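The structure under discussion appears below in the form of structure tokens.
Please treat every number below as a calculation from the coordinates, not as lab data. Everything numeric here is computed off the predicted structure, so don't read it as measured data. Heads up, the Cβs are rebuilt from the backbone with ideal geometry, glycines too, and the neighbour counts pull from every protein chain shown.
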Amino acid sequence: MVDMALMLLLGVLALAPGGLADGPHGHHHKCRYEYQTVYETVYHTVYKKACQTHYQQKCHHEYETVHETKYHPKCHTSYIPECHTYYITKYDEKCQTEYAPYCRTHYTTKYETEYKKKCKVTHEKQCHGYGYHEKCEVYPQEHCHDVPVQHPVKVPYEDCHDVPKTRCHKVPVQVPQEKCRQVPKKECVEVPYQVPRTIPHEVCVDIPYEKCHGVPEKVPKKVPRKVSHKVCDEYGHGGHGGHSGHGGFGFGRRSDAETNSTELVETGEA
């Protein structure tokens, strides 16, 4: 029943205008368009904000109060003695002691060392030759050395001392005398005092500020696009052993492209 219904449907389609197209070997084609969504990568430029810190010097004047030291004289009168010296003559008895030497001769015993030569004779045997031919001779040798000998000696020395003798006489002496009077004297001293003074000076500080600019950057984006392709169905009669495997009609599907490939197009801004 199904085969009969299919054969009737194919017969109707074959008779319909624009329905089945005749092909080689009595085959008929029914074509249509199918659509497929593909995605393209599109690049667009975005600008990111990039900032850098700079510094600008800003100055202003400040005032500082300093104190300067000045001096003014301050005076007062004082009285000081003014003296002068004069002399009067007086006579003093001046005695002086003179010393006369008085000496006596004494003797002391000292021991002096003398060296006397003391000698001793020894005999030294000297031989030469060997065995029966050896001959020896004895030679005298004198050995001397100095021997210290002490003997007493009387040495004279003088024992002296001064004998005092006093002599006196009149000597004029100048005796100083002082006479004074009060003399006024003006004395001044420099008294310091503080004078305030304002001194301007410049004070500068660095003020930070940001300087920004746009940095271009390419960002990819997927954009969908529909792509169409033609697909045809083939129908054949059973007398030729059609594609369906039945004795009657058979059909198959054919497309213009066995494999659909998607082309990715990149576009962007410089």
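What size of dipole, in debye to the nearest 20, comes out for the range 100-223 about its Cα centre when the only charges are +1 on Lys and Arg C-beta atoms and -1 on Asp and Glu C-beta atoms?
Working: 21 positive and 17 negative charges, 139 e Å.
For the range 100-223, the charge dipole is close to 660 debye.
Given the pairs K74/K186; K49/K221; K49/K211; K49/K222, which span a C-alpha to C-alpha distance of over 18 angstrom in this model?
Details: K74/K186 10 Å; K49/K221 21 Å; K49/K211 10 Å; K49/K222 24 Å.
Table pairs above 18 Å Cα-Cα are K49/K221; K49/K222.
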Length released on extending from Y87 to Q177, taking residue separation times 0.36 nm less the Cα-Cα span: 31.8 nm
Cβ-defined net charge surrounding P172, 12 Å radius [Lys, Arg +1; Asp, Glu -1]: +1
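Which peptide among 136-146, 30-40 comes first, and what is the full order, when sorted by highest mean count of other Cβ atoms within 10 Å?
Working: 136-146: 8.9, 30-40: 11.6.
In decreasing order of mean packing, 136-146, 30-40 become 30-40, 136-146.
Using 1/(1 + (r/R0)^6) with R0 = 22 angstrom and r between the beta carbons of K48 and V223, what's the FRET efficiency to the nearest 0.05?
Details: r = 22 Å, r/R0 = 1.01.
It comes out at approximately 0.50.
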The range 61-210 - Rg and Dmax from Cα coordinates, angstrom: 52.0, 133
